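Read-outs throughout are calculated quantities, based only on the coordinates presented, and are distinct from any laboratory measurement. If you're wondering where the values come from, they're calculated on a predicted model, not measured in any experiment. Cβ: placed from backbone, ideal geometry, glycine included. Neighbour counts: every protein chain shown.
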Amino acid sequence: MNKPKIALGGAGFYIVLLLCLMVVGVSGYMILFHGSTAAEADAAAASADADLYGDLDPEGPSLEILEPQTIKEPDEESAPANAPVEMPSVQVDDTPVTATAPNLVVWPLRGAVVSAFSVDELLYDETMGDWRTHAGVDLAAEAGTQVMAASAGTVSAVENDPLMGTTVMIDHAGGYRTTYANLQAVPTVKVGDAVSAGQIIGAVGNTAIAEASVASHLHFAVEKDGDAVDPQTFLKD
């Protein structure tokens with residue numbers, strides 16, 4: 001069976017031609033627009049990367065090697081306020097301290113003071129008939145009364161003094177020396193004996209010619225480093 005043929009003539013032909021041109025134009029436009037948009041997007045992405053990372057060297061950033069620096073010690077003027085302060089040296093006085101009186105001191109005997117200690121004022125001596133100092137105390141006691149060492153020490157002298165009669169001297173700690181005069185002729189100690197406080201060393205006698213006018217007594221004297229000391233002060237200590 002034969003199909004009928006469509007014949008385009010006149011106005012129909014031009015309409016078909018126009019439609020074909022329109023299809024070609026739209027297709028070209030789409031192709032052109034799509035390519036331009038992709039290129040612009042790529043350019044925009046590249047610009048953003050440049051803003052973010054900058055111009056990067058493809059070989060990587062270069063590193064600057066710093067030379068070691070010498071630290072300068074602060075001088076005295078710029079030293080911090082809390083820097084250690086050098087303390088001044090202190091001179092130590094190593095002079096030996098003068099020793100005090102012996103720990104234990106007792107009265108050589110108990111008796112009234114009949115002649116007091118006096119080295120600053122002269123006292124009248126009835127026996128000698130003149131004015132003189134008295135470097136000890138006279139303690140009243142009957143002849144034969146026992147005499148004791150005032151403190152521990154060592155007997156340094158036993159002698160018969162021309163004026164003070166039988167005399168015993170004892171050296172003590174701290175530079176002290178005690179003297180016991182007008183004793184009986186034979187004391188109970190000898191030179192070199194170590195005695196303790198309260199130990200019997202002799203007895204009261206009447207051998208002191210220089211004090212013969214004074215009632216029976218013991219002449220007791222104390223020295224500190226060779227200087228006379230009031231025996232009553234020593235005994236109170």
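Numbers for the structure displayed
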| quantity | calculated |
| --- | --- |
| Qualifying residue in region 137-146 (condition: under 16 Å from Asn103 (Cα atoms), surrounded by 22 or more Cβ atoms within 10 Å (Cβ to Cβ) and in contact (Cβ under 8 Å) with a residue 12 or more places away in the chain) | no |
| Per-region count, region 184-214, residues within 22 Å of Asn160 (Cβ to Cβ) and assigned to a loop (DSSP other than H, G, I, E, B) | 18 |
| Failed item, numbered, when Ile200 is tested on (1) more than 19 Å from Pro231 (Cα to Cα); (2) surrounded by fewer than 21 Cβ atoms within 10 Å (Cβ to Cβ) | (1) |
| Filter pass, Ile209 being within 51 Å of the chain's Cα centre (by Cα) and surrounded by fewer than 21 Cβ atoms within 10 Å (Cβ to Cβ) | no |
| Where Ser216 falls short, out of the listed (1) farther than 14 Å from Ala152 by Cα; (2) without any contact (Cβ under 8 Å) to a residue 24 or more places away in the chain | (2) |
| Long-range neighbours under 8 Å by Cβ, at least six apart or interchain, first residue crowded, with 19+ Cβ neighbours inside 10 Å within region 220-237, second part of a helix (DSSP H, G or I) | Phe220/Pro231; Ala221/Pro231; Val222/Pro231; Val222/Phe234 |
| Exclusive hit being farther than 20 Å from Leu104 by Cα and touching a residue at least 24 places away in the same chain (Cβ under 8 Å), set Ala173, Ala203, Ala197 | Ala203 |
